[in-house]
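Data block below; observations after.
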Amino acid sequence: MNLAAAQHGFLSPTGVEIAFLLVGVATFGAALVTVTTRQLVHAALWLVVTLGGLAVEYLLLTAEFIAWVQVLIYVGSVVVLLLFGLMLTKAPIGRSPDADSGNRWAALVVAVTAAGALVWVVVDAFRTTWIDLSGPAAGTTRVTGESLFQNWVLPFEALSVLLLAALVGAIVLSRKAKADATPATAGEATPAVSGKEGAR
């Protein structure tokens with residue numbers, strides 16, 4: 001194993017590393033199309049490709065738990081919610097000139113600055129950190145589940161209760177707003193009906 005590790009250098013990548021780079025390039029291209037297209041539905045669909053590419057990257061890094069969370073939560077929930085929002089608001093299916101605010105250069109500067117800051121923080125934080133590839137797996141579902149439900153079970157349950165309370169609160173507020181709007185609508189409709197009866 002040591003001989004194989006010594007023969008493997010930076011200029012002789014493995015198949016996993018090549019697949020990681022190819023998927024990364026495809027994911028980056030899908031992300032660019034997502035933020036540059038003027039069709040909202042196409043942007044949502046390209047967002048699915050982008051998030052799916054990130055899930056594949058997590059799989060190649062042997063972090064299948066995070067990969068499936070990426071698929072279930074982001075691809076399976078967030079994007080579906082976004083598509084439902086587009087359909088319920090009757091967003092235009094074709095090209096929408098209103099989708100371009102004219103601030104592309106400002107957005108590009110902010111995106112490049114944020115990406116540079118993120119890369120700098122990650123490199124600085126893990127500069128001296130090395131992963132023992134010959135040791136036990138650290139990103140598998142079993143290891144992550146054991147760590148989550150042994151050491152972090154109380155915060156996990158507290159977060160579940162918090163999300164449930166937020167969901168119940170949203171339902172209560174929406175029903176109250178609907179109840180307040182119903183009498184006002186009925187009061188506005190009554191004079192119109194009486195006026196029609198007086199004209200007859």
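Quick note: the coordinates plus some simple rules give every number you see, no bench work behind them. Just so it is clear, the model here is predicted, and its values are computed rather than measured. Cβ: placed from backbone, ideal geometry, glycine included. Neighbour counts: every protein chain shown.
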Report summary line: Answer check: segment 16-88, Cα atoms, Kirkwood Rh, Rg/Rh ratio of 1.02
Report task. In nm, give the distance between the simple-model label positions of Ile18 and Val153, each being 7 Å from the Cα along the Cα-to-Cβ direction. Result -> 4.6 nm
Query raised in the report: Any idea how far apart Val143 and Val80 come out in nm if each label point goes 7 Å out from Cα toward Cβ?
Result: 3.1 nm
